[in-house]
């Protein structure tokens, strides 16, 4: 079987939305080539431990690569991808060069081309994420999440995912009820369950994300704890959760802050990530206006996460 490698030369800001577009169009795994990885200082605590080849990385910007089977619909799908990416400019996302190349490769090359990018990665003090094909011996008290990046949404090593998991680890309590909005691969839902939540509800509008979350939940024996539903943000949801996590774009976060407040218990925690630095103030102001208190703001590279607490008086008590 032959495959086409779709490579988009873009910006770090556009990585997440472009990745989502590629997943929606049927991509089997997405690879991010960011030259910042070549110069990043890595300690022995967080991060992957394997050699990176500079020849695989662009001199500037970021490469987002995906793999689609060669068939009679490929040219139409490629045009749909181009159009969807172009529309991102309407929500003020900087696309940078926005150059796309399409290269045909065989199945054997495809398998090694994308699997070499995924290795075990330590995300937080407790959590390590591994792809399904890697063997790994965890240390004492280390919590392992096994993911299948071939299903879509990668292995959860993006800075926004790491920020979210680190915040979950810090603020979650035993017996918590957690809502994961825009669940993607389900990695935040799985992390919540492994770190003590007894009930997790995962929502995503994309049916690929719903399927991916269900499969990854089963891989980690979390299928009885995590309930997955196709849903537009928190529309129609009526629960009282201890924590809500959302690793999605800032412009989407501000659309459901009121719903998040209504679905949180008094003093409940709202963890938001996927925010570019330029839109940090917008998200923080929207949170405060809705009755949240900002607990902390964390920055990694160009990405920001905000942890907020629902004010006691906002509960109506």
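Each reported figure results from applying straightforward, stated rules to the coordinates on display, with no laboratory input. Keep in mind that this is a model prediction, so the values were computed, not measured. Neighbour counts run over all protein chains shown; Cβ positions are idealised from the backbone, glycine included.
May I ask you to order 286-292, 140-146 by the average number of other C-beta atoms within 10 Å around their residues, highest value first?
Numbers: 286-292: 18.3, 140-146: 14.4.
Averaged packing, sorted descending, gives the order 286-292, 140-146.
Evaluate E = 1/(1 + (r/R0)^6) for residue 281 and residue 230, where r is the Cβ-Cβ distance and R0 equals 25 Å; express this FRET efficiency to the nearest 0.05.
Numbers: r = 32 Å, r/R0 = 1.29.
Result of the calculation: an efficiency of 0.20.
Size of segment 121-315 along its principal axes in angstrom, Cα-based, largest extent first?
On the principal axes, segment 121-315 reaches 47, 34, 30 Å in Cα extent.
Need one number: % antiparallel among DSSP beta bridges in segment 121-315, to the nearest 5.
40 percent
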